[in-house]
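The values are calculated or read from the model by the stated rules, or taken from the named source; none is laboratory data. No experiment lies behind these values; they were computed from the predicted model shown. All Cβ positions, glycine included, derive from the backbone under ideal geometry; neighbour counts span all protein chains shown. Protein only, heavy atoms only, side chains kept; ligands, DNA and RNA dropped before computing areas. Shrake-Rupley method; radii C 1.70, N 1.55, O 1.52, S 1.80 Å.
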Amino acid sequence: MLGRRDLIAAAATLALAIPFVGPSAGALAQQPPIRIALIGPMSGTGAFEGQLGLEGAQAAAAIINAKGGVAGRKLELLNYDDKGSPEDGVSAAKRAIEQDNVDFIIGGWFSAVALSMKEVTRDKIITVMTSSQHPKVTEEGHKYLFRLNATSAMMSNFYSKAICGQIKPKSIAFMNVNDDWGRLELDNYTKLLGECGIEIKGHEFYNRTDTDFTTALTKLKALNPDAIYVAAINTSQGATIYRQVRQTGFRGKVIASAGNMNPKLVELSGNSLESVYSASPFVEDNGQPSMKPWLAEYRKSYKNEPSFIAALGAQGVELIAAGVAGTGGDPRAYDKIAAYLKANETPTVLGNVRFSDQGQATQPIHLVQVKSKQIVAVRD
Amino acid sequence: MDFTVFAQQIANGLVNGMAYVLIATGLTLVFGVLRIVNFAHGEFYMLGAYLTYFAGTLLGLDYITAAVLGAVVVAALGVVANKLIFWPLRRDHEFTILLSSLGLALLIANSGELLFGADPKYVESPFADEILDIGTVTLTQQRVLVFAAAVAVLVAVYLFIRYSRFGKMMRATAQNPDGAALTGINIGLVHSYTFALACGLAALSGALVGPTVMIFPTIGNWAVLKGFIVVIMGGLGSVTGALFAGLLLGVIESLGGGYISLGFMEAIGYAMIIAVLLWRPNGLFSTARGLR
């Protein structure tokens, strides 16, 4: 005879079981989505860049999903905040892998975050690092790690040739941020530009917390160089520097560091960025088949202008989709996917990307110039 | 030594220093009259810059009108902040008030990030990129405006405190709040107006400095830090002290950055605080308690 307690227990068991029956029954009809963790700075000083990356990735995923997804499965993006800090990046990656059981990770917008995060994902999950430029991200990477952005050495090799061959200043002075990257830039370009006969007049380092640059720029202007090279990553500092270069009365050429030209910078800098050069893997008219639909989708969904950072987010999603599609559709076949991506050129919004055995991408880089407040490619 | 560069660095320093003075004046007033160390002062600077930006972009106002409107609105917000937080706490321990102001600063900065967005913005001004050549020195009109407006405002504030009836009430309150109340001065009104004046000054400096740099929701940190350096150097509560200390800090930073190393520019301010605290703990220009 069943007692009242038994009845309650049975009812409770049923109630607990129902949620588990529901989704699995549904999954028979439709494959579960491929889950991609997007880990980026969603708050703090890098929040704007993180937002752009997220938007770019979402636009690319929307296009792929509208075409039926990858091997019949939709892409699902899960967003995590690394606050631009290594500690938060590590804990976000752990949460994505252990709690949310994601299939892929896209992250590594800042080098410091990428360097710590790759140790959590080491040989566990395919990890696509985006904008970080530090050489050690791939040098000390792991078998499932890929990095999209060109390293600073690759950028400077390309850009120095363009400066010597196309911009042709007689002399140059440097205005660089005082960190690993800024100092590396100075060393690279002092050597490379000196080799082609450009006179190096001097340099100034500014701090990452500085808000006024007139003191440094006054010194540089007094050296009377033909061109001033500005190495600034942070958009707000960059915009202030470009404005103040002109406000100090400098009328020579201004050269912006490679990879750091974006529509927001142009908007904030007003006329002072007019005719300024930079090098960028991102140009809108690069002729890639996926670029036009992505630009259209991005402009339709977001109010920001499409940018290099947004394109990196898109590229990460395209790369994962191509890897899964090219190896039969299993998102957990990491060895096969990694081998496939290293063996084949992958078409993306920014061009066809090849990867080294270490997972470092080789991307087309273009010389760009600001003309009428638009970033356009400089063709020979 | 190249005289042109030297003169240029002095000019840069004087302009930056005058901006520091403008920020510090409100801070020192609030301390002198109300005995409040207001960590949220920088956030009112930030709000001034943002309100000027939004008045320009959303309402389509010209820069000067937008700046004045921004300062007036922030002054009103200052009155509200005083009524809600500082006035009820006036009998509490100084630390309670200090921590409340820190809380207010975090609240405003984070709300700013939420409301205004994290992306940097630029306050458009018709004077920002127009260059003025004064002898061998090159300055933008905006920088000249920062200096001139600051001088005008400081003179007005000085005369107001020195000669107006309300200024006398402020000074009386600064010397002895209870005594002032006994003579019939409305202490509540003095608190409100002083806060409005201080916040309005902070906002005005934000609106003036805004077009020389980019603005983002955490710029208040920078402003309050510079403000405190100047106030400690000049003596807490001393308006004339703030004037000299601000200009001194600006020029020393500029010359230090120009002739020693830019890396030390930030450090110079802190080094000066330590030196002043060791040598004249009450500030370079202090004599006794009260508003000067």
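Okay, here's what the table says:
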item	result
Dipole of the protein assembly as shown, positive end: most advanced residue of B:Leu99, A:Ala239, B:Leu247 [Cβ charges, Cα centre]	B:Leu99
Residues with amide H under 5 Å from that of A:Val70, placed H, sequence gap 5 or more	A:Leu75
Nearest 10 degrees, 0 to 90: helix A:235-247 Cα axis against chain A principal axis	20
Inter-centroid distance (Cα atoms) of the range A:323-344 relative to the range B:191-212, Å	59
Within the protein assembly as shown, helix-based [θ] at 222 nm, where runs of 4 or more DSSP H residues each add -39,500 (n - 2.57), nearest 500	-18000 deg cm²/dmol
Size of the B/A contact, given as accessible area buried on both chains, probe 1.4 Å, in Å²	2500
About the Cα centre, charge dipole magnitude for chain B (Lys/Arg +1, Asp/Glu -1 at Cβ), debye	1260
Rounded FRET efficiency, nearest 0.05, which uses the C-beta distance separating A:Gln374 from A:Asp123 and R0 of 45 Å	0.55
Globularity index of chain A, i.e. its alpha-carbon radius of gyration over 2.2 N^0.38 Å	1.13
Unsatisfied cross-links (Cα-Cα over 24 Å) in the set A:Lys94/A:Lys136; A:Lys83/A:Lys264; A:Lys300/A:Lys342; A:Lys201/A:Lys371	A:Lys300/A:Lys342; A:Lys201/A:Lys371
Tensor-based shape of the protein assembly as shown (alpha-carbon gyration tensor, a/c under 1.5 rounded, otherwise prolate or oblate)	oblate
5 angstrom amide H check on A:Val368, placed H, neighbours 5+ away	A:Ser278, A:Ala279, A:Ser280, A:Val378
Pairwise centroid distance, computed over Cα atoms, of the range A:148-212 with the range B:20-55, Å	39
For the range B:100-192: rounded, prolate or oblate by the Cα gyration tensor [a/c cutoff 1.5]	oblate
Where labels lie 7 Å past Cα in the beta-carbon direction, separation of B:Thr183 and B:Phe3 in nm	5.3
Cα centroid separation, the range A:44-121 to the range B:142-171 (Å)	53
Acute angle (nearest 10 degrees) that the helix B:94-116 long axis makes with the longest principal axis of chain B, alpha-carbon atoms	50
Residue-count net charge about A:Thr190 - beta-carbon cut-off 15 Å; Lys, Arg +1, Asp, Glu -1	-2
Under Karplus coefficients 6.51, -1.76 and 1.60, residue-wise ³J(HN,Hα) of the range B:263-271 in Hz, glycine/proline x	x, 8, 4, 5, 5, 4, x, 5, 4
Long-range HN-HN contacts of A:Leu148 with modeled amide H, under 5 Å	A:Met129, A:Thr130
Antiparallel bridge percentage (DSSP; both residues within chain A; nearest 5)	30
Residues of the range B:186-209 with amide N under 15 Å of the 7 Å Cα→Cβ point at B:Ala156	B:196-208
Local net charge near A:Leu220, Cβ-Cβ under 9 Å (Lys/Arg +1, Asp/Glu -1)	+2
Cα centre as origin, Lys/Arg/Asp/Glu Cβ charges: the protein assembly as shown dipole, Debye	1000
DSSP-defined beta bridges in the protein assembly as shown - what % are antiparallel, rounded to 5	35
Between 0 and 90°, nearest 10: helix B:187-209 axis offset from chain B longest Cα axis	10
Orphan Cys of the protein assembly as shown, criterion: no other Cys C-beta under 4.7 Å	B:Cys199
Overall form of the range A:153-280 per C-alpha gyration tensor (a/c, 1.5; a/b vs b/c)	rounded
Sites B:Glu130 and B:Ile10 - FRET efficiency at Förster radius 25 Å, r taken between beta-carbons, to 0.05	0.70
Stokes-Einstein D (µm²/s) once Rh is taken as the Kirkwood radius of the range B:3-279 over alpha-carbon pairs, at 25 °C in 0.890 mPa s	129
For chain A, size of Cβ-based charge dipole, Lys and Arg +1, Asp and Glu -1, in debye	560
